[in-house]
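Heads up, the thing below is written out as structure tokens.
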Amino acid sequence: MPTPVTLIPGDGIGPSIADATVRILAAAGADITWDRQVAGMAGVARWNDPIPDATLDSIKQTRIALKGPLETPVGEGFRSINVALRKTFDLYANVRPARTIIPGRFDKIDLVLIRENTEGLYIGNEHYIRIGDDPKAAAESIALITRHGSERIVRYAFEYALAHGRQKVTLVHKANILKFSQGLFLDVGRLVAREYEGRVAFEERIIDAMAMHLVLKPEQFDVIVTTNLFGDILSDEISGLVGGLGLAPGANIGTTAAIFEAVHGTAPDLTGKNVANPGALILAACMMLEHLGDRARAERIRAALEGTIRDGASRTRDLGGTASTDEFTDAVIARLA
Ligand code: NAI
């Protein structure tokens, strides 16, 4: 039985890199039926909604989506795409792997950042404080950390480590200063870590030191788990360590669905030119195959992609080559044969 997957090609370069990804999965023999849906500006054009109910309904059915980059429409009245997806599917874990493909400053980076995606400073609970005549004399934001949210994200990190044969989880925090909120995250993390003793190693790092160690010696890290704001910043830092946006995939894992995507945006400067690098979405599709239990096929596609990039003859422009999106895709498919 083919697996149904919701495909949201997206805006800008999205349709072109989504086509490349679909071609590569077909060439690798992945048994998937794609339910094509729209969101972003394509959703506004068709349903006057950047995240139409038809798209949400499809994901509710398939519980798996592959999503291209989306342009958020400017102006009042439109639902926020990310908020709607996060709330509908309780997407609590953002997973961002980073692996060296083109050896450069670092040859052996192979790490995964797992960011808590629903709590912390990003819950959007903030307000101004009036002092005297100044209604905006101060502003206050609340960083909400719960035992439940902390436990499930740290547990997800350990289970991910076990499922992917990884050795170590590094918990990143700032409990030395934020003794309550970050302290709770650290306390819960330590308790969860104890359950995995002997199976997965555990270490703790303070966020500022972590930012430095990631730049000095990223090879030492394996699985990293942290709260929302720190994860947001570190995930872009690690993309930069392995060659930037064109090769950065991500997954949003929820209790009722999982959504896989390229980390980059719609690249308006490249749209319609057949020059975008489809690598990030292809790698996101590999994460999706792993999630579906099809690990061997994911490894085959990843090896073909990495081989094509290392070989150098068919690199896209962002990686210093001259290949078009189609030429790069053909080269990956040729390696799959
Ligand atoms: P962007 O990621 O689209 O572009 C930044 C730079 O990276 C550009 O120079 C672009 O040409 C390059 N780039 C991005 N993807 C590439 C690829 N696959 N191959 C080669 N080069 C690539 O970020 P920007 O310009 O800030 O945002 C453009 C639009 O994308 C905005 O409307 C923004 O809201 C949206 N966006 C959507 C995201 C999503 O849906 N996940 C994430 C980030 C931005």
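The values are calculated or read from the model by the stated rules, or taken from the named source; none is laboratory data. All of these numbers come straight from a predicted model, not from anything done at the bench. Positions of Cβ are generated from backbone atoms using ideal geometry, with glycine treated the same way; all protein chains shown enter the neighbour counts.
For region 81-90, state whether one or more residues are of a type in the set (Val, Ile, Thr), modelled with pLDDT under 95, surrounded by fewer than 20 Cβ atoms within 10 Å (Cβ to Cβ) and touching a Leu at 6+ places or on another chain (Cβ under 6 Å). Yes - at least one qualifying residue is present in region 81-90. When Asp269, Asp236 are screened for being in a loop (DSSP other than H, G, I, E, B) and among the acidic types (Asp, Glu), only Asp269 passes. Beta carbons closer than 8 Å, at least 6 apart along the sequence or on distinct chains, pair a first residue in region 208-234 that is over 24 Å from Tyr196 (Cα atoms) with a second that is among the aromatic types (Phe, Trp, Tyr) for His213/Phe221; Leu214/Phe221; Leu229/Tyr122; Asp232/Tyr122.
Looking at Ile102 and the list (1) within 18 Å of the chain's Cα centre (by Cα); (2) outside any helix (DSSP H, G or I), which single condition is not satisfied? For Ile102, the failing item is (1).
Here the condition is being among the charged types (D, E, K, R), outside the structural domain of Ser150 (by TED's automatic domain parsing) and on the phi < 0 side of the Ramachandran plot; of Asp35, Asp107, Asp90, it holds for Asp35 alone. Considering only region 298-337, state which residues are part of a helix (DSSP H, G or I), surrounded by fewer than 20 Cβ atoms within 10 Å (Cβ to Cβ) and either in contact with a Gly (Cβ under 7 Å, 6 or more places away or on another chain) or of a type in the set (Val, Ile, Thr) (or both). Asp318, Leu319, Ile333, Arg335 - these are the residues of region 298-337 that are part of a helix (DSSP H, G or I), surrounded by fewer than 20 Cβ atoms within 10 Å (Cβ to Cβ) and either in contact with a Gly (Cβ under 7 Å, 6 or more places away or on another chain) or of a type in the set (Val, Ile, Thr) (or both).
Look through Ala280, Ala284, Ala276 and report the one residue that is closer than 15 Å to Asp318 by Cα and assigned to a helix (DSSP H, G or I). Spell out the reasoning first.
On the way: Ala284 fails: closer than 15 Å to Asp318 by Cα; Ala276 fails: assigned to a helix (DSSP H, G or I).
When all the criteria are applied, what remains is Ala280.
Taking the criterion of being surrounded by fewer than 16 Cβ atoms within 10 Å (Cβ to Cβ) and not β-branched (Val, Ile, Thr), would at least one residue in region 250-271 satisfy it? Scanning region 250-271, I find at least one residue that is surrounded by fewer than 16 Cβ atoms within 10 Å (Cβ to Cβ) and not β-branched (Val, Ile, Thr), so the answer is yes. Entry remark, region 8-24: residues being within 11 Å of the ligand (Cβ to nearest atom) and more than 14 Å from Glu261 (Cβ to Cβ) number 2 in total.
If you go through region 31-57 and keep only what is more than 15 Å from the ligand (Cβ to nearest atom) and not in a helix (DSSP H, G or I), you end up with Asp31, Ile32, Thr33, Trp34, Asp35, Arg36, Asn48, Asp49, Pro52. Looking across region 238-266, not a single residue is more than 8 Å from the ligand (Cβ to nearest atom) and of a type in the set (D, E, K, R). Note on region 19-55: among residues that are crowded, with 21+ Cβ neighbours inside 10 Å and not hydrophobic (A, V, I, L, M, F, W, C), the one that is farthest from Phe78 (Cα to Cα) is Thr21. Of the strands (runs of 3 or more DSSP E) lying entirely inside region 134-233, the ones with 1 or more residues being under 20 Å from the mean Cα position of the chain (by Cα) and of a type in the set (A, V, I, L, M, F, W, C) are found at 168-173, 223-226. Evaluate region 256-264: report whether one residue or more is outside any loop (DSSP other than H, G, I, E, B) and either free of Cβ contacts under 8 Å to residues at least 60 places away in the same chain or farther than 30 Å from Ala337 by Cβ (or both). Yes - at least one qualifying residue is present in region 256-264. Evaluation of Asp269 against the conditions (1) touching a residue at least 24 places away in the same chain (Cβ under 8 Å); (2) within 11 Å of the ligand (Cβ to nearest atom) shows that the sole unmet condition is (1). Is it the case that some residue within region 285-292 is buried (at least 16 other Cβ atoms within 10 Å of the Cβ), within 18 Å of Gly68 (Cα to Cα) and free of Cβ contacts under 8 Å to residues at least 60 places away in the same chain? Yes, because at least one residue in region 285-292 is buried (at least 16 other Cβ atoms within 10 Å of the Cβ), within 18 Å of Gly68 (Cα to Cα) and free of Cβ contacts under 8 Å to residues at least 60 places away in the same chain.
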